[in-house]
Amino acid sequence: MSKLLEIKDLYANAGDKEILKGLNLNINKGEVHVIMGPNGAGKSTLANVIFNNSEYTKKSGEIIFDGENINDLSTDKIAKKGVFMSFQNPEEIPGITTTNFLKVAKNNIDGKPVKIFELKENIKKNMEELNMNPKLIERNLNVGFSGGEKKKNEILQMLVLNPKLAILDETDSGLDVDAVKAVSKGIDMYKNDENAVLIITHNMKILQNLKIDFVHILIDGKIIKTGNAELAKEIEENGFSKYKK
Amino acid sequence: MAKANIKDINRNIYDFKNADNYDFKIEKGLNREIVEEISKMKNDPDWMREIRLKALEMYNKLELPTWGPDLSELNMEEIATYVKPKSKLNSSWDEVPEDIKDTFDKLGIPEAEKKSLAGVGAQYDSEVVYHSIKEDLLKQGVIYTDMETAVREYSEIVKEHFMKCVPISDHKFVALHAAVWSGGSFVYVPKGVKLDIPLQSYFRLNSPESGQFEHTLIIVDEGASLHFIEGCSAPKYNKVNLHAGCVELYVKDNAYLRYSTIENWSKNMMNLNTKKAIVGKNAQVDWVTGSFGSKVSMLYPMSFLNGEGAKTEYTGITFAGGGQNLDTGFKVVHNAKNTSSIVNSKSISKNGGACTYRALVRINENAKNSKCSVSCESLMLDDKSRSDTIPVNDIRTDDVIFSHEAKIGKISDKEIFYLMSRGLSEEDAKAMIVRGFAYPISKELPVEYAVEMNNLINLELEGSIG
């Protein structure tokens, strides 16, 4: 197994508040991981800290991606190394169409000019698979998109940018059945032996159609239990109360 | 260092300067002798000479504004109000002296003329050095010429309109303008004639420690239609330059005028400009304004909706960087029934720059069933920058629909983070957000200026980092 992401004893704050308190996590290529936990456990903080969001501060610990310590890399450099994050609340950016944005992002991530025709074909194919309205691509990025359209657009970006590690932060929250299906289909299309997925969620809907390798329970800034897909089922039935202090 | 160098090279589009090769530069300062000398050099008719002298008296009487940006750096004793370039008025670029032609080439004027304009005027310092208009427009009776020619050849119509829309008593710098005005454009579009491509006048101030006082007078007769573009720029000097132009627009019944401005003065410029429009029955004037340059700007285009059903729209963007204090806005007076106005203003300030949106909406008693909607948004890119909104709403009838929306905000860290997570550098992310903020305005600008504006936003932001 080749290691992709290794998080060692990570402590991090949001403002003055300590959120992550000694978190450890290993993800190898070819694996799908799920982190579950109650609200406020630190799930979204983890995603943001991996991506070096300046609203959070790392206190100690190490994040190693693809053999390199990325603790101090800026967000764009981390993205260029092959990490992607699907946002819980994708931002609306007026003035640039989704197509043009994907072109700019792809150029940056790949570090070379993308071939427009190939890119457009790629976008078109993926939009069909995700059952997206083809007109969205000519609209400004996320502007006036419904919640479901925004989430699908995140998955579209994941497919087009083709990162080594995709972190999906609460991608399933607030989605209807159709959108949940499209999202899990997108994850399925993306997944291969060379990349990995980290799904952050507090519900099960999205997991039903996916092959999950590991489920981690995050409580109060630490992973307190790791298991297989069965663990997710148990949580669905019994909730987190058993694991809370 | 590399970044600063790139910025300098690119800014050279505006910052290059020619030697101060004038034919005649009047002594600095302002007094009766100077005004009379300008009048004599221009062979003014008596009525014009009288306006100049009356305006000078008015200038001496009026006080500096007690509100707005600090103007104490402006010393009229240090400003030459008239600089005659070494060129006559030409109708072919080949006849324009090399250094002046080169200037306008760099600014892209002759090229734009070939591609997308129906006529061009180009002013260098105090005089217009080139003017052209397409043959077929001449045949339709369209007049587009420099102001001096208009005073000579269309004196009745000029006399009837000159300083009537903007009275010389309006404020101190209008009086100054009327006393020493030189250059500018005159446009007359006859009844029912619709121009489908724009006319453009470009004003370039090259001479240090001088002022530019061009006068633009446009009459769009009944049922006619025109898009007029003005551009302006100057190289940067250490001492203050002054721009106090005046624009008078007469939009007759059922006529349409779109007046677009890209102002890119250098950062030693005091830009104290005045623009007003009188709008007739069912007529419309639209102002589109991009203000990027100058050290201080005080500029508030104004529409008088005097005819029933008259309309006006103001779409403006202001971008203030370090050391700039740009005080801009829009004024509208609703003077008749069923009139409507729409204001859409955006400002961006960064690196210690200050933007103020200062505006007036007046709806008089007789303007029943009128509508006015105002939206102004400001974006500050850092903690050093300033943004203010100072609207005055004076509404004297109940029978109106009026809305005012103002938003002042800082650039969103969440948006920056989102874009950086897609591989964009912090600078690129900020530029993309700012362009997005500006987009509703930039899409209204003539296309080449919209591109230029986006480039400016890139340059300005690059300069502001590190």
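Laboratory data are not the source of any read-out in this text; all were calculated from the coordinates shown. Keep in mind it's a predicted model, so treat the numbers as computed, not measured. Cβ atoms come from the backbone with ideal geometry, glycine included; neighbour counts cover every protein chain shown.
Applying the Kirkwood pairwise sum to the alpha-carbon positions of region B:413-466 produces a hydrodynamic radius of 11.6 angstrom. For region B:248-361, the relative contact order comes to 24 percent (Cα pairs under 8 Å, sequence separation of at least 6). Amide H contacts of residue B:286: B:257, B:258, B:259, B:313, each under 5 Å away and 5 or more positions distant or on a separate chain (H built 1.01 Å from N in the peptide plane; Pro and chain starts excluded). Couplings 3J(HN,Hα) of region B:138-143, computed from phi: 4, 4, 7, x, 6, 10 Hz, in residue order, whole Hz [Karplus 6.51 cos²θ - 1.76 cosθ + 1.60, θ = phi - 60°; x for Gly and Pro]. Tell me, what is the FRET efficiency for residue A:177 and residue B:88 to the nearest 0.05, using R0 = 60 angstrom and their Cβ-Cβ distance as r? Using R0 = 60 Å, I get an efficiency of 0.20. Taking the Cα atoms only, what angle lies between the long axis of helix A:177-190 and the longest principal axis of chain A, rounded to 10 degrees? Around 90 degrees separate the two axes. Place a point 7 Å from Cα of residue B:23 in the direction of its Cβ. Which residues in region B:155-197 have their backbone N less than 14 Å from it? Flagged as within label range: B:183.
The rule of thumb for compact globular proteins, 2.2 N^0.38 Å, goes into the C-alpha radius of gyration of region B:377-445 1.52 times. For a label point 7 Å from the Cα of residue A:118 along Cα→C-beta, name the residues of region A:175-214 whose backbone N is under 12 Å from it. Within reach of a label on residue A:118, which here means backbone N under 12 Å from a point 7 Å along Cα→Cβ, region A:175-214 contributes nothing.
Using θ = phi - 60° in the Karplus curve 6.51 cos²θ - 1.76 cosθ + 1.60, the 3J(HN,Hα) couplings for region A:109-126 round to 5, 7, x, 8, x, 7, 7, 4, 4, 4, 4, 5, 4, 4, 4, 4, 4, 5 Hz; x is entered for Gly and Pro. Under the membrane-span-like helix rule (DSSP H runs whose alpha carbons stretch at least 18 Å along the helix axis, mean Kyte-Doolittle hydropathy -0.5 or higher), chain B yields B:426-442, B:447-464. So who's got an amide H within less than 5 Å of the one on residue B:404, skipping anything under 5 residues away but keeping other chains? H placed 1.01 Å off N, in plane. Under 5 Å from the amide H of residue B:404 lie the amide H atoms of B:374, each far enough along the sequence or on another chain. Place a point 7 Å from Cα of residue A:189 in the direction of its Cβ. Which residues in region A:110-148 have their backbone N less than 11 Å from it? Backbone N within reach: A:122-132.
Would you mind pulling out the separation of the Cα centroids of region A:75-90 and region B:81-103, in Å? Here the answer is 55 Å between Cα centres. Shape analysis of chain A based on the Cα gyration tensor places the equivalent ellipsoid semi-axes at 29, 21, 17 Å, largest first. Amide H contacts of residue B:206 (H built 1.01 Å from N, in plane; Pro and chain starts excluded): B:125 sit under 5 Å, all sequence-distant by 5 or more or on other chains. Considering helices alone, the calculated mean residue ellipticity of chain B at 222 nm is -8000 deg cm²/dmol, with DSSP H runs of length four and up weighted by -39500 (n - 2.57) and normalised per residue. So what does log10 I(q)/I(0) come out to for region A:18-143 at q = 0.11, 0.17 Å⁻¹, using the Debye formula with one equal point on every Cα and no solvent? Cα-only, vacuum Debye calculation for region A:18-143: -0.52, -1.10.
Which of rounded, prolate or oblate describes chain B when judged by the alpha-carbon gyration tensor and an a/c cut-off of 1.5? Since a/c stays below 1.5, the shape of chain B is classed as rounded.
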